[in-house]
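Input: a single structure, listed below in structure tokens.
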Amino acid sequence: MKYLGYILFLVPFFIGCSVEPVEINYGHDACEFCKMNIVDNQHAAELVSPKGRAYKFDAIECMMNYLNRKEIASADMQLILVNDYLQPGKLIDATLATYIISENIPSPMGAFLSAFDKENTAQETIKNKGGESFNWSSLKERYKVN
């Protein structure tokens, strides 16, 4: 009986350790990089640390530039998320996304960078709007991110 109290005390520490995305409050949250309000739910991005601290960005290019400054390493992040261009507001795993840069799809900071959950939808978008395709590794190279 004496140990039951200790067990009940420790259970929340083990259960509450999962890191999850933090909802972006569009129109109110500010970008960690450029400090502008995040209003575009097709291009926003988010980094979440192992302790659950969320770094929110109004554009994927802001997140990449933030990582480029090396204040935070992408490898040190628990979650790296981007909005799926075709499903506004839906955060997806940035390391699995397909990216396109198309001058026919403006992004908040002018890099024309958009993310797609599926490669085939990105390729279809390129057929319709033009542009160049990137995966996470090639995007990191382009922005000189480790």
- prompt: Arranged from highest to lowest average of other beta-carbon atoms within 10 Å per residue, in what order do the peptides 73-79, 56-62 appear?
  reply: 56-62, 73-79
statement: Label model pair Glu132, Leu96: point-to-point distance (7 angstrom along the Cα→beta-carbon line) in nm is 2.7 nm
- line: In Å, the Kirkwood estimate of hydrodynamic radius for region 65-146 over Cα pairs equals 13.1 Å
- prompt: How large is ³J(HN,Hα), in whole Hz, for each residue of region 51-57 in order, when computed from phi with the Karplus curve 6.51 cos²θ - 1.76 cosθ + 1.60 and θ = phi - 60°, using x for Gly and Pro?
  reply: 8, x, 6, 9, 10, 9, 9
task: Among the aspartates and glutamates, select those whose C-alpha is under 17 Å from the C-alpha of Lys144, and discard any that sit fewer than 8 residues away in the same chain.
output: Glu61, Glu71, Asp76
Gap separating the Cα centres of region 38-69 and region 80-144, nearest whole Å: 14 Å
query: How much FRET efficiency would the formula 1/(1 + (r/R0)^6) give for Glu141 and Ser18, where r is the Cβ-Cβ distance and R0 is 25 Å, rounded to 0.05?
result: 0.20
field: Rounded to whole Hz, the Karplus (6.51, -1.76, 1.60) HN-Hα couplings of region 133-138, x for glycine and proline
entry: 9, 9, 9, 4, 5, 6
Within a Gaussian network of the chain (alpha carbon springs, distance under 10 Å), most fluctuating of Ser49, Ser18, Ser114: Ser18
- request: Take the Cα of Asn25, step 7 Å along the line toward its Cβ, and report every residue of region 50-85 whose backbone nitrogen sits under 17 Å from that point.
  value: 53-58
field: Residues with amide H under 5 Å from that of Ser107, placed H, sequence gap 5 or more
entry: Phe112, Leu113
message: Using a Cα-Cα cut-off of under 22 Å, which lysines could be cross-linked to Lys127, ignoring same-chain neighbours fewer than 8 residues away?
response: Lys118
task: Go ahead and estimate [θ] at 222 nm for the chain from helices alone: -39,500 (n - 2.57) per DSSP H run with n ≥ 4, summed, over the residue count, rounded to 500.
output: -8500 deg cm²/dmol
query: Can you give the net charge of the other residues whose Cβ lies under 10 Å from the Cβ of Ala44, counting K and R as +1 and D and E as -1?
result: -3
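All of the numbers you see were taken from the coordinates with simple rules; none came from a lab. Owing to the predicted nature of the structure, the values given are computational and were not obtained by experimental measurement. No Cβ is skipped: glycine too gets one built from the backbone with ideal geometry, and neighbour counts run over all protein chains shown.
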